[in-house]
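Q: The structure under discussion is supplied below as structure tokens; questions concerning it will follow.
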Amino acid sequence: QKEVEQNSGPLSVPEGAIASLNCTYSDRGSQSFFWYRQYSGKSPELIMFIYSNGDKEDGRFTAQLNKASQYVSLLIRDSQPSDSATYLCAVDPYSSASKIIFGSGTRLSIRP
Amino acid sequence: GAVVSQHPSRVICKSGTSVKIECRSLDFQATTMFWYRQFPKQSLMLMATSNEGSKATYEQGVEKDKFLINHASLTLSTLTVTSAHPEDSSFYICSANKYFGPGTRLTVL
């Protein structure tokens, strides 16, 4: 059974600080990794994807992947109240059009 | 990024009726689309994988005769909730190429 684990939170971070969201996965052969943001009542929005070990930066977001440790994280710099949402980690075991495996999500709250 | 649309965004129907939800990929072709359901404050639940030109693959516990899926073209998949009941009220979301549609909120009275 392939699994993706996330701390459900809520994670509370002061405005302007760095929010760090973590995710572990069980299938060592997984190839592609995704972070989605979901606001309450809305569908998930893809914000980052990463395929290679190391860091990938996009604006205030940095995705980090460590395949040896089966660990992927998302850092949000200069956190804003608008970043308050649930963040879903997802893993594609086969890097194809196959279904991806979602974690249950971490609820992030940015306090002003 | 890729754009996925859904229609309708919101639907209210009477118990016992059927409701069809459309999912379209707007700027790419998708041989595979996915249908999810999400109840309030719960995780996404994958219902089925929609395959263009062939039968859908349903997840364990999802009734294929109740949730009919048709993927007739490379840009369109439909989900029909047949004989809907109040417990089918939920947020239905489709996905293609790792992108999600905006979702359809179904309320069954």
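Q: Where the second residue is at pLDDT below 95 and acidic (Asp, Glu) and the first is open to solvent by less than 30 Å² (accessible area, probe 1.4 Å) and lies in region B:12-41, which pairs have Cβ atoms under 8 Å and are six or more apart or on separate chains?
A: Matching pairs, first to second residue: B:ALA30/B:GLU52; B:THR32/B:GLU52.
Q: Can you name every residue in region B:36-52 that is over 14 Å from B:CYS94 (Cα atoms) and either more than 14 Å from every other protein chain (Cβ to nearest Cβ) or hydrophobic (A, V, I, L, M, F, W, C) (or both)?
A: First, the residues of region B:36-52 that are over 14 Å from B:CYS94 (Cα atoms): B:39-43, B:52.
Of everything in region B:36-52, just one residue is over 14 Å from B:CYS94 (Cα atoms) and either more than 14 Å from every other protein chain (Cβ to nearest Cβ) or hydrophobic (A, V, I, L, M, F, W, C) (or both), namely B:PHE39.
Q: Okay, moving on. Take A:SER8 and tell me if it is assigned to a strand (DSSP E or B) and over 27 Å from B:ALA2 (Cβ atoms).
A: On the way: assigned to a strand (DSSP E or B): no; over 27 Å from B:ALA2 (Cβ atoms): yes.
Considered against the rule, which asks whether it is assigned to a strand (DSSP E or B) and over 27 Å from B:ALA2 (Cβ atoms), A:SER8 comes out as no.
Q: If you take the residues of region B:76-109 that are assigned to a strand (DSSP E or B) and away from chain A (no Cβ under 14 Å), which of them is farthest from the chain's Cα centre (by Cα)? Walk me through how you get there before you give the answer.
A: So the first thing to find is which residues in region B:76-109 are assigned to a strand (DSSP E or B), and the list is B:76-81, B:90-96, B:99-100, B:104-108.
If we keep only those that are away from chain A (no Cβ under 14 Å) as well, we get B:76, B:78-81, B:108.
Numbers: B:LEU76: 11, B:THR78: 6, B:LEU79: 5, B:THR80: 8, B:VAL81: 9, B:VAL108: 16 Å.
Looking at the filtered set, the residue picked out is B:VAL108.
One line per residue, one yes/no per condition, for (1) within 14 Å of chain B (Cβ to nearest Cβ); (2) open to solvent by 60 Å² or more (accessible area, probe 1.4 Å):
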position: A:SER32; (1), (2): yes, no
position: A:TYR39; (1), (2): yes, yes
position: A:TYR51; (1), (2): yes, yes
position: A:LYS56; (1), (2): no, yes
position: A:SER73; (1), (2): no, no
position: A:VAL91; (1), (2): yes, no
position: A:ILE100; (1), (2): yes, no
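Q: Based on this model, can you work out whether A:LEU21 counts as part of a strand (DSSP E or B), open to solvent by less than 50 Å² (accessible area, probe 1.4 Å), away from chain B (no Cβ under 14 Å) and aliphatic (A, V, I, L, M)? Quick ask: steps written out before the conclusion?
A: Details: part of a strand (DSSP E or B): yes; open to solvent by less than 50 Å² (accessible area, probe 1.4 Å): yes; away from chain B (no Cβ under 14 Å): yes; aliphatic (A, V, I, L, M): yes.
So A:LEU21 fits the description; yes.
Q: Still on this structure, please answer the following. Select from region B:1-49 the residues that are assigned to a loop (DSSP other than H, G, I, E, B) and of a type in the set (A, V, I, L, M) and write down the one among them that is modelled with the lowest pLDDT.
A: Residues of region B:1-49 assigned to a loop (DSSP other than H, G, I, E, B): B:1-3, B:8-9, B:14-18, B:26-31, B:39-44.
Keeping just the survivors that are of a type in the set (A, V, I, L, M) gives B:2-3, B:26, B:30, B:44.
Details: B:ALA2: 73, B:VAL3: 91, B:LEU26: 93, B:ALA30: 90, B:LEU44: 92.
Going through the qualifying residues, I end up with B:ALA2.
Q: Still on this model: Out of A:SER82, A:SER104, which single residue is closer than 13 Å to A:TYR39 by Cα and out of contact with any His (no Cβ under 8 Å at 6 or more places or on another chain)?
A: Values: A:SER104 fails: closer than 13 Å to A:TYR39 by Cα.
Residue meeting the stated conditions: A:SER82.
The values are calculated or read from the model by the stated rules, or taken from the named source; none is laboratory data. Source: prediction; values computed, not measured. For neighbour counting, all protein chains shown are included, and Cβ atoms are generated from backbone atoms with ideal geometry for every residue, glycine included. The protein model used for the area step is the full one, side chains on, heavy atoms only, and it has no ligands, DNA or RNA in it. Shrake-Rupley method; radii C 1.70, N 1.55, O 1.52, S 1.80 Å.
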